[in-house]
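Here is the structure we will look at.
The values are calculated or read from the model by the stated rules, or taken from the named source; none is laboratory data. Since the model is a prediction, treat every value here as computed from it, not as a measurement. Using ideal geometry, Cβ is built from the backbone for each residue, glycine included, and neighbour counts are taken over all protein chains shown.
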Amino acid sequence: MAVLPLGRPLESKAATLLVENKLAAGQHRFALVVIDGDGNESAPDVLTVTVRSPTAPPIRLRTPVAPTPATRPGRIP
């Protein structure tokens with residue numbers, strides 16, 4: 001398993017990467033850039049991950065989610 005170095009790129013030839021970082025509570029940004037065989041780089045695909053403190057209150061949705069046909073009460077699949 002890899003540990004991503006803070007603020008530095010990690011290069012890998014594998015199509016998948018298992019990461020074992022212990023992240024502190026807060027927001028963390030990850031960017032993926034793919035380089036093809038000719039050296040062309042893709043635009044970065046950026047993901048922001050929010051790590052919540054174990055003592056933080058639960059997240060509450062502000063907007064109710066409309067049920068889908070498969071989740072409506074009384075429907076038997």
Exercise. Based on what the data block shows, is VAL19 hydrophobic (A, V, I, L, M, F, W, C), at pLDDT 90 or above, closer than 30 Å to ALA2 by Cα and in contact with a strand residue (DSSP E or B) (Cβ under 8 Å, 6 or more places away or on another chain)?
Worked result: no
Exercise. How many residues does segment 38-57 hold that are touching a residue at least 24 places away in the same chain (Cβ under 8 Å), assigned to a loop (DSSP other than H, G, I, E, B) and surrounded by 10 or more Cβ atoms within 10 Å (Cβ to Cβ)?
Worked result: 1
Seminar exercise, completed: Checked segment 42-62 for anything within 19 Å of LEU23 (Cα to Cα), at pLDDT 80 or above and hydrophobic (A, V, I, L, M, F, W, C); matches are VAL46, LEU47, VAL49, VAL51
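Specify the residue that is surrounded by the most Cβ atoms within 10 Å (Cβ to Cβ); the eligible residues are those in segment 11-37 that are acidic (Asp, Glu) and over 29 Å from SER53 (Cβ atoms).
Our first condition is that a residue be acidic (Asp, Glu); within segment 11-37, this holds for 11, 20, 36.
Within this subset, residues satisfying the condition of being over 29 Å from SER53 (Cβ atoms) are 11, 36.
Working: GLU11: 6, ASP36: 8.
Out of the qualifying residues, it is ASP36.
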